[in-house]
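Trainee: Just passing along the structure, written as structure tokens.
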Amino acid sequence: MIHNLPVKTLVHKDLTIEGYSRAAVQTYWRIPELKIGFDLGAQPWSFMGTPTWFVSHTHMDHLVALPVYVARRRMMKMEPPTIYLPEAAVEPVQRILRIYSRIDRGRLPCTLLPIKPGDEIELSREHVVSISATVHTVPSLGFVVWQRRRKLKPEYFGLPGTEIRDLRLSGVEVTSELRLPRVAYLGDSTPEGLDACPAMYEAEVLIMELTFVAPKHRKDKIHKFGHMHLDDLLDRRQRFHNEVVIASHFSTRYHARQVETWIAKALPDRMEGRLQLWL
Ligand SMILES: [Zn+2]
Ligand SMILES: [Zn+2]
């Protein structure tokens, strides 16, 4: 194992959240059980086995490791990865890869696919990712991973199994789909990105940016940079129904201890213990 980049880990039920994020430095997350990752601002050696990535936007601290990741998978004889990007980014990123391929003298095999708000990407029979609009200084997206289950429709409750089977065989749709938002990833955004996608507040685990926390950094100014302030979280406190909220992407202007002090003042119980600071 090569330890070249910080990786924090949180296990929640059957899912593991791994990653790290600091504004203007690097952002990378993955959920090994779902075989997906969010953002490629850097690529820890241990993340290479994850074959599918969703990129929230094209700022360097969220994207610049894409060629490195593709090259490593090729070197290690892994399948070419699939990377979903905001529509406008696909063509320029293809060009970057072509140029890199030339100066590196190595092929960079991968599939780049465009995504936009409203899209849904099927990961498996069980899991689907929905794409939502976020608000930043470049085109940007948020993601919700849903778990799907088939559930018997209430009108068939209490029927014997053989009758349900006969109904199903005769072509009647006896079940409906039940969707559970498991993990949401906001990426870089003003609070509008949360408000535009109510599932962000309902997901079991929400990974969100909280770039600014200092009282002297005023939130109206912060919104112009496409970011979130601690005050925004406080304004919406009652809306967060998540079991875990991971706050991240803190500004490098802050020392870890300062962030902890401001959060302790504003949210002494850390949202009943649900709020985690990834510093
Ligand atoms: Zn960022
Ligand atoms: Zn950004």
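Bear in mind that the values in this text are calculations on the coordinates, not laboratory data. The structure presented is a predicted model; accordingly, all values stated were derived computationally and were not measured. Don't worry about glycine lacking a Cβ; one is built from the backbone with ideal geometry, like all the others, and counts go over all protein chains shown.
Trainee: Where does the Debye-calculated log10 I(q)/I(0) of segment 55-152 sit at q = 0.11 Å⁻¹, using only Cα point scatterers of equal weight, no solvent?
Mentor: So the normalised log intensities are -0.39.
Trainee: Moving to a separate point now. In terms of Cα to Cα distance under 18 Å, which aspartates and glutamates are near enough to K265, apart from those fewer than 8 places away along the same chain?
Mentor: Partners within reach: D231, D232, D235.
Trainee: I've got another one for you. Just want the ordering: K13, K216, K35, from fewest to most Cβ atoms lying within 10 Å of their own Cβ.
Mentor: If I rank by nearby Cβ atoms, fewest first, I get K216, K13, K35.
Trainee: Mean projection of the alpha-carbon convex hull of segment 135-258 over all orientations, in nm²?
Mentor: 10.7
Trainee: Remind me, what semi-axes does the chain give for its equivalent ellipsoid, largest first in whole Å, using sqrt of 5 times each Cα gyration tensor eigenvalue?
Mentor: Calculated on Cα positions only, the semi-axes equal 33, 28, 17 Å.
Trainee: Here is a further query. When Lys and Arg each count +1 and Asp and Glu each count -1, what net charge do the other residues less than 12 Å away from H249, Cβ to Cβ, add up to?
Mentor: It works out to a net charge of -3.
Trainee: Still on this structure, please answer the following. For the peptides 135-148, 93-106, what is the packing order when you average, over each peptide's residues, the other Cβ atoms within 10 Å and list the highest mean first?
Mentor: Values: 135-148: 20.6, 93-106: 12.9.
Averaged packing, sorted descending, gives the order 135-148, 93-106.
Trainee: Also, quick follow-up: Figure the gain on full extension for H255 and E177 (residue separation times 0.36 nm, minus the Cα-Cα span) and round it to one decimal in nm.
Mentor: 23.5 nm
Trainee: Around P114, what is the net charge, scoring Lys/Arg as +1 and Asp/Glu as -1 over all other residues with Cβ under 12 Å from its Cβ?
Mentor: -2
Trainee: Of the cross-linked pairs K13/K35; K35/K153; K8/K35; K8/K77, which ones have a Cα-Cα span greater than 20 Å in the structure shown?
Mentor: The answer is K35/K153; K8/K77.
Trainee: For segment 206-279, what are Rg and Dmax over the alpha carbons, in angstrom?
Mentor: My reading of the Cα-based Rg and Dmax gives 11.4, 31 Å.
Trainee: List, in order, the whole-Hz ³J(HN,Hα) value for each residue of segment 112-123 obtained from phi through the Karplus relation with A = 6.51, B = -1.76, C = 1.60 and θ = phi - 60°; use x for Gly and Pro.
Mentor: Going residue by residue, I get 9, 10, x, 10, 8, x, x, 5, 10, 10, 7, 8 Hz, with x marking Gly and Pro.
Trainee: For K224, which lysines qualify as cross-link partners when the Cα separation must be under 25 Å and same-chain residues fewer than eight apart are set aside?
Mentor: Correct list for K224: K116, K216.
Trainee: Quick one: net charge of Q276's neighbours, Cβ under 14 Å, K/R +1, D/E -1?
Mentor: It works out to a net charge of -4.
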